[in-house]
Amino acid sequence: MAKTDSSKRGKQSVTASTLVLAALRERVAALHAAVELDTDEPTPSLDDTDLATDTADTDGDEAADDGGSSVTVPAAPDEVPDDDEDESVAAAGMDVEGLAEVLADLDAVVSGFAPLIEGPDVAALRPELAWARAIVDEAHGLEGTVDVLSELLDDLDPSLRLGPVEQRLQLVVNARSAERRAEVESMLAQPEWASLLEHADRLVLSAPIAGTKTKNTEKVLARALAGADSAAREAADAAVAEAHGADRSGTPQLAPVITAATTVAVTARVTRPVLGKQARKLADAAEAMAAALDERRRSESAAHWLVDLADIAHRAGEPSFTYGVLHTEARARREKADEALAAAVTAYTKPKLHKL
């Protein structure tokens, strides 16, 4: 009983504005750390155990949203990679994955608690975050598809590897990896990035945040979480139908659904000290749905890459058989991802999960 009373006193002593401000401070500090600390991580390269892939420069926002789905480096008929050729690019000194995660986390807090944050800084920061995430997520999407292709190649019977498959992938992948990382480096040097950091700092230092009364803490936080949850459920309702059976001409836009699910997960984690177990359960379900969506997106991207690589290899006079085998495996993986996504969405949309 004493523990319960202590828990109640803790909930009554904290305000919604205090929790939101603490969450913002933590994310803004992490954002500064992500771009100030140099890393020794190399640009993704390809060998027998490590592959990197690409995001596409296809028409419209669809491909950009989903981390890309096709290779855009053409092959000349005489472009045949040497077995001894070392195409690895120099270390870029940048943790793209870490930067992508920090931006997504800050964006989730700003979006999830937008109804509580006032002032011009948040209005300016939100489109700036969207701009930065579009660039960084594209580079991160390339790295994500690396894992899928690497696993597919690791599981492939060596007798089915016809032609310089690893070398061909390395040639294309390294060029695209360098290009994407250069885009991120260019972004960090632009005045828009400096403006983003300035608005983020000012948001923490001076933006008014509603919810300053302890008696309203639970109600205010529950309302914010319910709003994020409602947006995610609307997006999730269409996710399975949109993803199921989509072909190259109709690649589903999964990135907005992932963003909505991530917003719920982060918002729920921040509110958990007040809303308790229900917020934790909602966060877990939202994270599971985001992970299922990401796996579906990566497997689809890998399948599209393999189609284009087969065409490039064929035009360069190389066997394209292995790419066909890998493409079949990628499609099978995508079908499993569809099933996992359907299960995750079903679990997330259970009514009892949303009684905040």
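The values are calculated or read from the model by the stated rules, or taken from the named source; none is laboratory data. Treat the numbers as computed from the prediction; the structure is a model and nothing was measured. Please note: Cβ atoms are built from the backbone with ideal geometry, for glycine as well, and neighbour counts cover all protein chains shown. What goes into the accessible areas is simple: the full protein's heavy atoms, side chains included, and nothing from ligands, DNA or RNA. Shrake-Rupley method; radii C 1.70, N 1.55, O 1.52, S 1.80 Å.
Among the residues of region 317-356 satisfying the criterion of being part of a loop (DSSP other than H, G, I, E, B), surrounded by fewer than 15 Cβ atoms within 10 Å (Cβ to Cβ) and not small (G, A, S), which is modelled with the highest pLDDT?
Filtering region 317-356 down to residues part of a loop (DSSP other than H, G, I, E, B) leaves 317-320, 349-350, 355-356.
Add one more test, that the residue is surrounded by fewer than 15 Cβ atoms within 10 Å (Cβ to Cβ), and what stays is 317, 350, 355.
Imposing the further condition that a residue be not small (G, A, S) reduces the set to 350, 355.
Details: K350: 88, K355: 81.
For region 317-356, the residue satisfying everything is K350.
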Query raised in the report: Restricting the search to region 151-177, which residues are of a type in the set (A, V, I, L, M), open to solvent by 10 Å² or more (accessible area, probe 1.4 Å), within 17 Å of A302 (Cβ to Cβ) and within 27 Å of the chain's Cα centre (by Cα)?
Result: L152
**Report entry** Options A132, A139, A178, A194: the member that is touching a residue at least 24 places away in the same chain (Cβ under 8 Å), in a helix (DSSP H, G or I) and under 30 Å from T18 (Cβ atoms)
**Finding:** A132
Query raised in the report: Is one or more of the residues making up region 152-163 touching a residue at least 60 places away in the same chain (Cβ under 8 Å) and under 30 Å from A22 (Cα atoms)?
Result: no
Query raised in the report: Has region 251-274 got at least one residue that is open to solvent by 10 Å² or more (accessible area, probe 1.4 Å), under 23 Å from G227 (Cα atoms), assigned to a loop (DSSP other than H, G, I, E, B) and among the polar types (S, T, N, Q)?
Result: yes
Report task. Within region 13-58, track down each residue that is at pLDDT 50 or above and in a loop (DSSP other than H, G, I, E, B). Result -> V14, T15, L37
Query raised in the report: Being in contact with a Pro (Cβ under 8 Å, 6 or more places away or on another chain), surrounded by fewer than 23 Cβ atoms within 10 Å (Cβ to Cβ) and not in a helix (DSSP H, G or I), is that true of even one residue in region 306-316?
Result: yes
**Report entry** Subset tally (residues that are polar (S, T, N, Q) and open to solvent by less than 50 Å² (accessible area, probe 1.4 Å)) for region 178-201
**Finding:** 1
Report task. Sort out which residues of region 202-216 are closer than 18 Å to R126 by Cβ, in contact (Cβ under 8 Å) with a residue 12 or more places away in the chain and loosely packed, with under 15 Cβ neighbours inside 10 Å, and write them in order of number. Result -> S206, P208
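Here's a check for you: in region 126-140, which residue that is within 12 Å of the chain's Cα centre (by Cα) and open to solvent by less than 20 Å² (accessible area, probe 1.4 Å) is modelled with the highest pLDDT? Don't jump to the end; show me each part of the working.
So the first thing to find is which residues in region 126-140 are within 12 Å of the chain's Cα centre (by Cα), and the list is 133-140.
From the residues that got through so far, the ones that are open to solvent by less than 20 Å² (accessible area, probe 1.4 Å) too are 136, 139.
Values: V136: 95, A139: 90.
Filtering first and then ranking leaves V136.
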